[in-house]
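To keep things clear, I will list the structure first and then write my remarks on it.
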Amino acid sequence: MPPETAAPVASPAGADRTDRAQARARAARRHQLLVHGTRVLLLVALIGLWEGLARAAVIDPFNFSMPSRIWHQMSQWALHGTPQGPLWEQVWYTLYEALLGWVIGVVGGVVLGIALGRIRFLADVLGPYIKVLNALPRIVLAPIFLIWFGLGPASKVASAVVLVFFPVFFNAFQGAREVDRNLVANSRILGASNRQVTLQVVIPSATSWIFTSLHVSFGFALIGAIVGEYIGATKGLGLLVSASQGTFNAAGVYAAMAILAVVALLAEGLLAFLERRLFRWKPADAGDGR
C-alpha cells in the first residue's frame, strides 16, 4: 500500500501575514465607520444648531430660514410641483445642461491639452491666448451667451463649457508634459509612431492628472448652468433660486441649493467609483487606510 501523505501544515510566517492582513482590514472598517458616523453627527449638530438659533430668534428666520422650513419647501415642490413645473423636470433640465457642457468642456480640454503638451510649437503660439482667456472672469460671460444664444439651454451649456474647459486643459497639458521621457524613448526605440506614443504612452500616463480635474470640473459645470439660469431661463434650478429670491422666499433658495448639493455629491461618488475601477492597478496610499 502506498504510504499516507501528510497533510500540509501552514507555516507560522504565512499565518502571521494572514492575521496581520485581517487585522488591517478590521481596522480599516472601524475607521470607515468612525468617519461616516462622525460626518453624520456633525451634519445633525449643524442642522440642529441652525434650527435652534432660528427658533430662538438669535438669527432672523426670515432671512436665514430654518431647516424645517427648507424641508417643507422641498416636500411641497416634490409633491405639488414648482411654479415652473414638476421638480424632477427642473432638476433634469439643469443636469442636462451641466452634463452636456461638462462633456464638451472635458473633451475639448483633454484634446487641446494633450495636443499642446505634445507639440511645443503649438503651445508657444497658443499659450499666451489661453492665458489671457483664463484670466477673464468667466462668470461675466453668461450675459453675453444669453444675448448670443437666447433663453434656451445653449447659453447655459456655453457657460458650463468655459468653466470646465480650463481646469481640464491645464491638467491634461501638465500630464502630457510630465510623462516619463524614458517611456517615450523606449517606445521610439521599439518603432512606435507619434500617434502610437500619444495614444499608448502619453494619454494613459496623463489619465490620473485628467481625473483630478474631473472631480472639480463637474461642480464648475453646475455653477455655469445655474448662473445662466439665474440670469435668464424658462426652466431649471437656477430659475427656482431666482424666483425664490424675487419673492423673498429664503427657504426656496436654500432648498434649491440643497438639491444641487445632492446632485453634486452623487456625481462625485460616480466619478470616484469610475476612478477606482480604472485605477485598480495603482497601489493604495499608505495613509488612506485601505
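The values are calculated or read from the model by the stated rules, or taken from the named source; none is laboratory data. Because the structure is a prediction, the values reported are computed rather than measured. Every residue, glycine among them, receives a Cβ derived from its backbone with ideal geometry; neighbour counts consider all protein chains shown. The area values use the complete protein model at the heavy-atom level, side chains included, leaving out ligands, DNA and RNA. Shrake-Rupley method; radii C 1.70, N 1.55, O 1.52, S 1.80 Å.
For the stretch 134-151, a tally of residues being surrounded by 14 or more Cβ atoms within 10 Å (Cβ to Cβ) and out of contact with any helix residue (DSSP H, G or I) (no Cβ under 7 Å at 6 or more places or on another chain) returns 1. Could you grab me the full set of residues in the stretch 43-99 that are of a type in the set (D, E, K, R), surrounded by 15 or more Cβ atoms within 10 Å (Cβ to Cβ) and farther than 28 Å from K156 by Cα? The answer is E51, R69.
Of all residues in the stretch 252-261, at least one satisfies being within 19 Å of G101 (Cβ to Cβ), surrounded by fewer than 22 Cβ atoms within 10 Å (Cβ to Cβ) and touching a residue at least 40 places away in the same chain (Cβ under 8 Å). For V262, the test of being modelled with pLDDT of 85 or more and among the β-branched types (V, I, T) is passed.
Sort out which residues of the stretch 227-238 are part of a helix (DSSP H, G or I) and open to solvent by 30 Å² or more (accessible area, probe 1.4 Å), and write them in order of number. So that I can check it myself, show each step before the final result.
The first filter runs over the stretch 227-238 and keeps only residues part of a helix (DSSP H, G or I), leaving 227-231, 237-238.
Residues satisfying the conditions are V227, Y230, I231.
The condition (being among the aliphatic types (A, V, I, L, M) and within 19 Å of the chain's Cα centre (by Cα)) is satisfied by just one residue among L116, L79, L112, L99: L99.
Only one entry of F173, F165 meets the criterion of being at pLDDT 90 or above and either in contact with a Cys (Cβ under 6 Å, 6 or more places away or on another chain) or among the aromatic types (F, W, Y) (or both), and that entry is F165. Evaluation of V58 against the conditions (1) in contact with a Gly (Cβ under 9 Å, 6 or more places away or on another chain); (2) part of a helix (DSSP H, G or I) shows that the sole unmet condition is (2).
Taken together, the residues in the stretch 196-210 that are at pLDDT 70 or above and not aliphatic (A, V, I, L, M) amount to 5.
Looking at S213, is it modelled with pLDDT under 85 and buried (at least 23 other Cβ atoms within 10 Å of the Cβ)? It is true that S213 is modelled with pLDDT under 85 and buried (at least 23 other Cβ atoms within 10 Å of the Cβ). For G127, the conditions (1) over 26 Å from the mean Cα position of the chain (by Cα); (2) open to solvent by 20 Å² or more (accessible area, probe 1.4 Å) are fulfilled apart from (2).
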